[in-house]
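The values are calculated or read from the model by the stated rules, or taken from the named source; none is laboratory data. Computed from a predicted structure; not experimentally measured. Glycine gets a Cβ as well: all are built from the backbone with ideal geometry, and neighbour counts include every protein chain shown.
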Amino acid sequence: MLDETGQIDAELDLLVPKPYRILLVDDQMIIGEAVRRMLIEADDLELHYCKNGNDALQMAAEIHPAVILQDLVMPEVDGLTLVKQYRASEHAKHTPVIVLSSKEEAKIKAESFATGANDYLVKLPDKVELLARLRYHAEAYVKHLQADLLLRELRRLSSMDGLTGLANRRCFDETLAYEWKRSTREKTPISLLMIDVDHFKDFNDHYGHQAGDDCLIKVAAALGDGVQRASDLAARYGGEEFTIILANTDEPGALKVAQAVLGSISDLNIEHAFSTAGSMVTVSIGTATMVPDHLSNPEALIGAADQALYQAKENGRNRVVNTINP
Ligand SMILES: [Mg+2]
């Protein structure tokens, strides 16, 4: 199991490197020099200076600043236009921006906040206040990113099968419901593959549960490799049963994928001396295809694929059976 917290910390370090980088964008070098002096003894802050507003966006993308100090009045491009550009950009859309203005004016302040700035300071700010605000915004930014990464990780884990890393049953149910609705709306066919490892109980009994788990992990990886399109989903349905949702796929298309899966599992060459279907681990696959309408439901598709799977088992395993007109 991966160390999730460590991974998030590593990702955070890439997003906001330490010491915190402060990007000052100001056309007047004298301001650059003054701010540099204020930050010189702060070991946790590292000043990067950008004189030309046209370079600011690219510099922000390159250095991953924790805070941007943004001058308002600049010759080529004005400060608030830049704030808008940060907000619209991929890399700086959430980066805290403190506007540095020569004016203490309520209207400009209001406009700055409305544009997306997080704070406003009048030049030249007091050193103690500047450092306090920079640190405050940097920490708040890190906390925001951390919460974001945690949420993403939780979402990923909650849809993932713990053993195989494939999508889990919950994710399967949600995806099928979603694709079902889409197919109903677009009047397109949707196909489902139900896949079962042949004689898996015998495999477990003879080779042990550790080998059984390894087998499931390899099968799952092969299934995951077998789905190509983003709208398709390979999932663990439960136990040694897997499933593949094929959106916008007709019967011939589903059969093609099923045959490919059959081949890829044989190609794993996992010995199974206790199978009646051969000397290696194999799977049986039932496929079903429907063009959903408002009278049908996903359970009917699952039922049809299940029935086809049952037939594949009856017919001798290591084969594909598809249901026609379920
Ligand atoms: Mg200026």
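Checking region 188-198 against the condition returns no match, with no residue being free of Cβ contacts under 8 Å to residues at least 24 places away in the same chain and not polar (S, T, N, Q).
Exactly one residue among Ser89, Ser101 is within 22 Å of Leu124 (Cβ to Cβ) and surrounded by 14 or more Cβ atoms within 10 Å (Cβ to Cβ), and that residue is Ser101. Does Leu2 count as out of contact with any helix residue (DSSP H, G or I) (no Cβ under 6 Å at 6 or more places or on another chain), at pLDDT below 95, surrounded by fewer than 13 Cβ atoms within 10 Å (Cβ to Cβ) and part of a helix (DSSP H, G or I)? So Leu2 fails the test. Which residue is farthest from the ligand (Cβ to nearest atom), if the candidates are limited to region 5-19 and must be at pLDDT 90 or above, surrounded by 14 or more Cβ atoms within 10 Å (Cβ to Cβ) and in a helix (DSSP H, G or I)? Going through the qualifying residues, I end up with Leu12.
Residues of region 54-72 being within 16 Å of the ligand (Cβ to nearest atom) and either acidic (Asp, Glu) or touching a strand residue (DSSP E or B) at 6+ places or on another chain (Cβ under 6 Å) (or both), which ones? Step through it out loud before you land on a result.
Start the filter on region 54-72 by keeping residues that are within 16 Å of the ligand (Cβ to nearest atom), which leaves 54-56, 68-72.
Correct list: Asp55, Ala56, Ile68, Leu69, Gln70, Asp71, Leu72.
Can we say Leu246 is farther than 19 Å from Ser191 by Cα, out of contact with any His (no Cβ under 8 Å at 6 or more places or on another chain) and either of a type in the set (Val, Ile, Thr) or at pLDDT 95 or above (or both)? No; evaluated as a whole, the condition is false for this residue. Within region 48-55, identify whether any single residue is over 30 Å from the mean Cα position of the chain (by Cα) and hydrophobic (A, V, I, L, M, F, W, C), and answer yes or no. Scanning region 48-55, I find at least one residue that is over 30 Å from the mean Cα position of the chain (by Cα) and hydrophobic (A, V, I, L, M, F, W, C), so the answer is yes. Return a yes/no flag: does region 90-107 have any residue that is part of a helix (DSSP H, G or I) and either within 24 Å of Leu145 (Cβ to Cβ) or within 16 Å of the ligand (Cβ to nearest atom) (or both). Within region 90-107 (the criterion being part of a helix (DSSP H, G or I) and either within 24 Å of Leu145 (Cβ to Cβ) or within 16 Å of the ligand (Cβ to nearest atom) (or both)), the answer is no, since none of the residues qualifies. Number of residues in region 108-126 that are within 16 Å of the ligand (Cβ to nearest atom), of a type in the set (D, E, K, R) and closer than 20 Å to Glu139 by Cα: the value is 0.
Scan region 279-326 residue by residue and report those that are in a loop (DSSP other than H, G, I, E, B), in contact with a His (Cβ under 8 Å, 6 or more places away or on another chain) and either surrounded by 14 or more Cβ atoms within 10 Å (Cβ to Cβ) or outside the structural domain of Thr243 (by TED's automatic domain parsing) (or both). Before you say what the answer is, go through the steps one by one.
At the first step, the residues of region 279-326 found to be in a loop (DSSP other than H, G, I, E, B) are 279, 281-282, 291-297, 315-319, 324-326.
In the following step, the residues that additionally are in contact with a His (Cβ under 8 Å, 6 or more places away or on another chain) were identified as 279, 281-282, 317.
Listed by number, the residues that qualify are Val281, Thr282, Arg317.
The set of residues in region 144-183 being at positive phi and either among the polar types (S, T, N, Q) or surrounded by fewer than 13 Cβ atoms within 10 Å (Cβ to Cβ) (or both) is empty. Would you point out which residue out of Ile22, Ile30 is within 13 Å of the ligand (Cβ to nearest atom) and either modelled with pLDDT under 95 or outside any loop (DSSP other than H, G, I, E, B) (or both)? Exactly one of Ile22, Ile30 is within 13 Å of the ligand (Cβ to nearest atom) and either modelled with pLDDT under 95 or outside any loop (DSSP other than H, G, I, E, B) (or both), namely Ile30. A single member of Leu268, Leu223 is aliphatic (A, V, I, L, M), modelled with pLDDT of 95 or more and assigned to a loop (DSSP other than H, G, I, E, B), and it is Leu268. On the given criteria, is Val83 more than 13 Å from the ligand (Cβ to nearest atom), in the same structural domain as Leu14 (by TED's automatic domain parsing), surrounded by 13 or more Cβ atoms within 10 Å (Cβ to Cβ) and farther than 20 Å from Leu131 by Cα? Answer is yes for this residue. All conditions but one from (1) under 19 Å from Ala132 (Cα atoms); (2) within 16 Å of the ligand (Cβ to nearest atom); (3) assigned to a helix (DSSP H, G or I) apply to Arg37; the one that does not is (2).
Look at Leu82 and say whether it is modelled with pLDDT under 95 and in contact with a helix residue (DSSP H, G or I) (Cβ under 6 Å, 6 or more places away or on another chain). Reasoning before the result, please.
Working: modelled with pLDDT under 95: no; in contact with a helix residue (DSSP H, G or I) (Cβ under 6 Å, 6 or more places away or on another chain): yes.
In short, no.
Considering every residue within region 176-185, establish whether at least one is in contact (Cβ under 8 Å) with a residue 40 or more places away in the chain, more than 25 Å from the chain's Cα centre (by Cα), assigned by TED's automatic domain parsing to the domain that holds Ile244 and under 21 Å from Val320 (Cα atoms). No - not one qualifying residue is present in region 176-185. The single residue among Leu131, Leu121 that is assigned by TED's automatic domain parsing to the domain that holds Lys18, in contact (Cβ under 8 Å) with a residue 60 or more places away in the chain and among the aliphatic types (A, V, I, L, M) turns out to be Leu131.
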